[in-house]
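Peer 1: Mind looking over this structure? Questions follow.
The values are calculated or read from the model by the stated rules, or taken from the named source; none is laboratory data. All values reported here derive from a predicted model rather than from experimental measurement. Cβ coordinates were reconstructed from backbone atoms using ideal geometry, including for glycine residues, and neighbour counts include every protein chain displayed. Ligands, DNA and RNA are stripped out before the accessible areas are found, and what is left, the full protein with its side chains, is counted by its heavy atoms. Shrake-Rupley method; radii C 1.70, N 1.55, O 1.52, S 1.80 Å.
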Amino acid sequence: MIEVTVGGTEALVLNDTDGIAASVFFQGCPFRCKGCHNPGLQPFEGGIKTTTDNVMQEIMKHVEWYDSVAFMGGEPLAQKGALIDLLKRTKALGLLAWLYTGFELKDVPN
């Protein structure tokens, strides 16, 4: 269990990945890109302070329907420990992971 701040989660999403997914929106982004798709998630203040256990509980509500989980934000890698924990746990369920990030591939954990 790791603390994480999220903007929210969405269940049974069809437009963030191939197939059916759960989407996890991380709160906070250091890039602050002009034209950002989710500008409300840029500030590190706000959001929902929770744990990776609670995020996984949300995913598990409909896990039998999911092909994957999409991690986006904000910037998921700004909370790297929480992201790695969630990636390991979703992989253990046999789900694919989609990561939307502003970092370069070399900075993404394996």
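Peer 1: Based on what the data block shows, is Ile48 closer than 16 Å to Gly19 by Cβ, of a type in the set (Val, Ile, Thr) and at pLDDT 95 or above?
Peer 2: Spelling it out, it is not the case that Ile48 is closer than 16 Å to Gly19 by Cβ, of a type in the set (Val, Ile, Thr) and at pLDDT 95 or above.
Peer 1: Next question. Does any residue of the range 72-93 turn out to be over 21 Å from Val108 (Cα atoms) and either crowded, with 17+ Cβ neighbours inside 10 Å or in contact with a Leu (Cβ under 8 Å, 6 or more places away or on another chain) (or both)?
Peer 2: There is no residue in the range 72-93 that is over 21 Å from Val108 (Cα atoms) and either crowded, with 17+ Cβ neighbours inside 10 Å or in contact with a Leu (Cβ under 8 Å, 6 or more places away or on another chain) (or both).
Peer 1: Please find, among Glu45, Glu75, the residue that is under 21 Å from Gly102 (Cβ atoms), acidic (Asp, Glu) and touching a Cys at 6+ places or on another chain (Cβ under 9 Å).
Peer 2: Going through Glu45, Glu75 in turn, just one is under 21 Å from Gly102 (Cβ atoms), acidic (Asp, Glu) and touching a Cys at 6+ places or on another chain (Cβ under 9 Å): Glu75.
Peer 1: Shifting gears a bit: Within the range 1-49, take every residue that is in contact (Cβ under 8 Å) with a residue 60 or more places away in the chain and part of a strand (DSSP E or B) and give me the one that is most open to solvent (accessible area, probe 1.4 Å).
Peer 2: Ranking the candidates gives Glu3 first.
Peer 1: Would you mention how many residues in the range 94-106 are open to solvent by 60 Å² or more (accessible area, probe 1.4 Å) and either at pLDDT below 95 or in a loop (DSSP other than H, G, I, E, B) (or both)?
Peer 2: Of the residues in that region, 6 qualify.
Peer 1: Out of the range 47-62, which residues are more than 23 Å from Pro109 (Cα to Cα) and out of contact with any strand residue (DSSP E or B) (no Cβ under 8 Å at 6 or more places or on another chain)?
Peer 2: Listed by number, the residues that qualify are Gln57, Met60.
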